[in-house]
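Asker: Pasting a structure below so you can have a look.
The values are calculated or read from the model by the stated rules, or taken from the named source; none is laboratory data. These figures come from a predicted structure and were not determined experimentally. FYI the Cβ positions are ideal-geometry reconstructions off the backbone, even for glycines, and counts take in every protein chain you see. Ligands, DNA and RNA are stripped out before the accessible areas are found, and what is left, the full protein with its side chains, is counted by its heavy atoms. Shrake-Rupley method; radii C 1.70, N 1.55, O 1.52, S 1.80 Å.
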Amino acid sequence: MGGDPFGTPVSALRGVGPARTAALDAKGVRTVLDLLLLTPTRYEAPPPPKPPETWAVGDDVATTGKVVAARQVRSRRGRAFADLRLDVGGRAVRACFFNRGWLAERAPKGTWALVWGRATSVAPPTLSAAGLRVLAAPEEAAARAAELEPRRPAVPGVAEGVLRGLVREALDATRAAPDPLPDDLRTARGLPTLADALRRVHEPATLDEASEGAARLLFDRLLALALASRARGEAGAAPAPRIVADAKVRARIDARLPFRLTPGQRAALDEILADLARPVAMRRLLLGDVGSGKTAVAVGALLAATAAGRQGLLVAPTDVLAAQHARTLSQWLAGSRVRHALIAAGVPRAERRRAEAAAAAGELDLVVGTHAALSDAVLLPRLGLAVVDEQHRFGVLQRLKAREKGERPHLLALSATPIPRSLALALFGDLAVTRLAGRPAGRGTPTATTCDAASALLAVREAVARGERAYVVFPAVTSETAPALEREGRALTARRGALAGLRTATLHGGLPPAERAAALDAFRSGDVDVLLCTTIVEVGVDVPEATTLVVFGADRFGLATLHQLRGRVGRGERPGSIRLVPTPRPAADSGASSGAARDATARLALLQRESDGFRLAEADLFLRGPGEICGLRQHGHGGALPLREGRDRGFLEAASETAGALKARGYDPDADGYYARLARALGGVRFDPPDAV
C-alpha cells in the first residue's frame with residue numbers, strides 16, 4: 001500500500017471481495033483506519049490448565065494435548081462447528097467450537113493445542129470450547145496460556161478468524177507509516193509510537209501492555225477532536241457588537257450587588273468583560289461549582305450589556321429557577337432604570353404578551369425566561385448578551401436559538417457540571433472557559449454518603465428536630481419499577497410512615513404552576529419541614545435552612561444531576577449532607593453484576609470522594625464519550641474510556657496543549673492525514689479503546 005495507508009480502502013486487503021466489503025461497510029468499516037478503530041471490547045485468557053479427571057460439569061477449564069482428529073461438522077440447523085479430539089496424557093478429550101468450523105483447518109491432526117472453555121461432560125471429558133492456541137511444541141503451553149485473546153465487536157458476514165486476519169494485515173500495512181505525532185511531543189507524554197500502540201491493543205501479551213497501547217489511542221482521539229474543534233472555532237468566529245464597561249460602569253454594577261464579590265467572582269467577571277469588549281462574538285463557558293456564585297457574575301455581565309445600550313437575555317431550564325432569577329433581579333435592581341420582565345410558561349398569558357411586545361419594541365433591557373423566551377415570538381432587536389444558565393439542561397438546538405436573536409449576540413453558558421460535549425469543546429479550544437474559583441464566605445461542600453432508606457430517613461428526622469429542613473427526592477412521580485413519589489412518598493407520610501408527624505409538601509413538574517409556587521413558598525418560609533419532590537429542585541432552589549437531602553433510586557441518576565442535587569443543601573451557615581439510597585435489588589440478582597449496575601456503583605462511589613464539578617464532568621466525558629463535536633448529538637457513544645488514576649487524568653488538557661503546539665508548527669487541519677481522518681471517523685465510531693483494559 002502506497003501513500004496514506006490509513007486511508008486505504010478495506011477492499012484492497014486480501015480476501016475482501018464485494019460481499020465482505022458490504023459487510024464491513026455496514027459496520028462503518030471502509031478504510032484501514034476504520035478497521036484498526038474496531039478495537040477489542042474485552043480480552044480473555046484461559047484458566048490454569050488442570051487434568052481432565054479433576055473436571056466438574058460447568059467448570060471453566062483448560063488443557064493441553066495432541067490433536068488426534070479434527071473435522072468440521074454441520075449441526076442440524078446447518079451451522080458449522082469444529083470438532084477436535086485430543087490426547088491428553090493418554091486420555092481422550094473432546095473440544096467443540098460452535099459456529100467456528102474453520103478452526104478444524106487451523107489445528108489439523110498431529111499438532112499440539114491449548115484449548116479452554118466450559119466442561120459439558122466428564123465421562124468422556126468434553127468442553128464447549130471458547131479458545132484455541134496451536135503450539136509448536138508442548139513446552140510452549142505455559143507461555144502461550146498467559147497470552148490474551150482479543151474479542152472484537154462482531155461483524156455480521158465476516159467470521160471472527162477472518163476479521164482477526166484482516167486486522168493483522170492492516171497492522172502490517174501501517175507498521176512502517178511515519179508517526180503523525182512528532183517525537184518530542186510524544187515522548188513528553190510518555191506515549192509509545194502509533195504502530196506499537198496499535199499492536200499492543202490488538203495483539204497484547206498482557207493487560208498492562210494493552211493499557212499502554214490504549215493510552216496512545218485515547219490521546220490520539222482527543223488530539224484529533226481538539227484539532228478539528230480548534231479549526232471549527234476559528235472558522236466560526238463572527239463579528240459582534242462590542243460591550244465596553246469602563247470604570248464608571250463597573251462601579252455602578254458593584255453598587256447594584258448587595259454584597260462584595262469574592263476574588264474568584266471578580267476575576268471571572270473581569271475575564272468575561274474583557275471578552276465582551278472584543279468585536280468578535282464571545283462563546284464562553286463559566287464553569288463554577290454548585291454554590292460558587294455564578295449568578296452574580298452573570299448578572300454583572302448582563303448589566304454591562306444594558307449599560308452599553310444592549311438588551312440582555314437570561315434563560316433557565318425550569319420555571320422554578322427562572323422565577324427565582326426574576327425575584328433576585330427585582331431585589332438587586334430595585335430603584336434602578338433597568339427594565340426587566342419574566343417570560344415563562346407559568347406567567348399569565350396577558351402578562352406574557354405584554355412582556356413580549358415590550359421586548360420587541362426595545363422597551364425591556366433584561367428578559368429572564370425559560371424555553372419560552374427562546375421561541376420565535378420573543379424578539380430582542382438589541383440583544384447583546386445571552387446567558388444560558390444550567391446549560392446541560394438545554395439541547396444544542398435550544399442553545400443555538402439564543403444565539404440567533406439580535407445581531408449575533410455574545411453567548412455565556414453557566415454550569416457546575418457541563419455535559420460531556422460542552423466540556424470537550426471547552427477543553428479543545430472551541431469554547432472559551434472561565435473557571436470560577438472558591439465559594440462565598442460560610443459555604444462548605446456538602447458530604448455524600450450511600451446508605452439504606454432507614455438510615456437516610458432517620459437523618460431527615462434528626463435535621464428537622466434541629467430546626468433544619470430537608471428534601472426527599474424520587475426518580476419518578478409514578479412508576480412500577482422505580483421509587484415513586486406517589487407510592488413511596490405517600491407511604492412515608494402515612495400514620496405509621498417514617499416521616500409521620502412532620503410537615504411535608506409535594507413538588508413535581510406535573511403540578512399546576514400555582515401549586516408548585518405554593519409548595520416552594522411554604523418550604524422557604526418554614527411552614528413545611530420536608531419537601532417530597534422529583535429532580536425539579538435540581539437547579540435554582542435556594543433555601544439556606546435546608547441541610548439534608550435524600551435521593552431514592554440514586555443509582556438511576558447521572559453524575560451531573562446528583563451533583564446539582566447536592567448543591568441544594570448547605571447553602572447557609574450550617575453544613576449540608578446528601579444521602580444516596582440505591583434501588584434495592586432482588587435477592588436472586590445479588591450474585592449478578594450487570595454492566596449497568598457496575599456503572600451505577602462507580603458513579604455513586606465517585607460522587608462520594610469527588611466534590612469538584614469539573615472533575616465529575618471530566619469523569620462523565622470518560623464514561624460516555626463527547627458526543628458529536630461538530631454535530632447535534634450531545635450525549636456520548638456509550639463506551640467507557642480506560643483512563644487510569646494519575647497519568648491519564650490530564651489527557652484532556654494535554655491534548656488541548658498539543659493541538660496548540662501542532663498549530664504553532666504549521667499543522668494544516670484540512671490536510672487529509674491521520675488526525676483529520678481520525679476526527680471524521682469518530683463521528684460514527686465508539687469513542688473508546690478497549691473497555692476491559
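Asker: Around residue 338, under 9 Å between beta carbons, what's the net of Lys plus Arg minus Asp minus Glu among the other residues?
Answerer: Its environment carries a net charge of +2.
Asker: Mind putting together the pair-distance distribution for region 49-161? All Cα pairs, 5 Å bins, whole percent per bin, short to long.
Answerer: Final binned percentages: 2, 12, 23, 25, 22, 11, 4, 1.
Asker: OK, next. How far is it, in nm, from the label point at residue 151 to the one at residue 503 when both lie 7 Å from their Cα along the line to the Cβ?
Answerer: 5.8
Asker: Give the calculated FRET efficiency between residue 91 and residue 665 to the nearest 0.05, with a Förster radius of 60 Å applied to their Cβ-Cβ distance.
Answerer: 0.40
Asker: Please list 50, 294 in order of solvent-accessible area, largest first, computed with a 1.4 Å probe with all protein chains present.
Answerer: 50, 294
Asker: Turning to a different aspect of this structure: With a cut-off of at most 11 other beta carbons within 10 Å, and DSSP calling the residue loop, which trypsin sites (Lys or Arg not before Pro) in region 68-113 qualify? Please list them.
Answerer: On the way: sites: 71, 74, 76, 77, 79, 85, 91, 94, 100, 106, 109; in loops: 76, 77, 79, 100, 109.
Passing both the DSSP loop test and the Cβ count: 76, 77.
Asker: Find how much the distance from residue 71 to residue 160 grows on full extension, using 0.36 nm per residue of separation minus their present alpha carbon separation; answer in nm with one decimal.
Answerer: Answer, rounded to one decimal: 30.2 nm.
Asker: Separate question: Rounded to the nearest 0.05, what FRET efficiency do residue 105 and residue 53 give with R0 = 35 Å and r taken as the Cβ-Cβ distance? Could you check?
Answerer: With R0 = 35 Å, the Cβ-Cβ based efficiency is 0.70.
Asker: Could you give the accessible area per residue of region 1-160, probe 1.4 Å, as a whole number in Å²?
Answerer: 49
Asker: Multiply the residue gap between residue 351 and residue 482 by 0.36 nm, knock off their C-alpha separation, and tell me the result in nm, one decimal place.
Answerer: Taking 0.36 nm per residue and subtracting the Cα distance, the gain is 43.2 nm.
Asker: If R₀ is 22 angstrom, what is the calculated FRET efficiency for the pair residue 45 and residue 122, using the beta carbon separation as r and rounding to 0.05?
Answerer: The computed FRET efficiency comes out at 0.40.
Asker: Then there's this: Could you list the trypsin sites (Lys or Arg not before Pro) in region 304-355 that lie in coil according to DSSP, counting only those with at most 16 other Cβ atoms within 10 Å of their Cβ? Display every interim value, and only then the final one.
Answerer: On the way: sites: 310, 327, 337, 339, 349, 352, 353, 354; in loops: 310, 337, 339.
The qualifying sites are 337, 339.
Asker: Using 0.36 nm times the number of residues separating residue 251 and residue 137, minus their current alpha carbon distance, what extension gain do you get?
Answerer: So the chain would gain 32.6 nm between residue 251 and residue 137.
Asker: Would you pull out the residues with amide H under 5 Å of residue 44's amide H, same chain only if 5 or more places away, H placed 1.01 Å from N?
Answerer: Amide H neighbours of residue 44, under 5 Å, 5+ apart: 149, 151.
Asker: Summing Lys, Arg as +1 and Asp, Glu as -1, what charge do residues with Cβ under 14 Å from the Cβ of residue 59 carry, residue 59 excluded?
Answerer: Values: positive: 50, 118; negative: 53, 60.
Within the 14 Å Cβ shell, the charges total 0.
Asker: Between residue 437 and residue 515, with labels modelled 7 Å along Cα→Cβ, what's the label distance in nm to one decimal, could you check?
Answerer: The two pseudo-label positions are separated by 4.8 nm.
Asker: Residue 522: net charge of surrounding residues, Cβ under 12 Å, Lys/Arg +1, Asp/Glu -1, itself excluded?
Answerer: That works out to 0.
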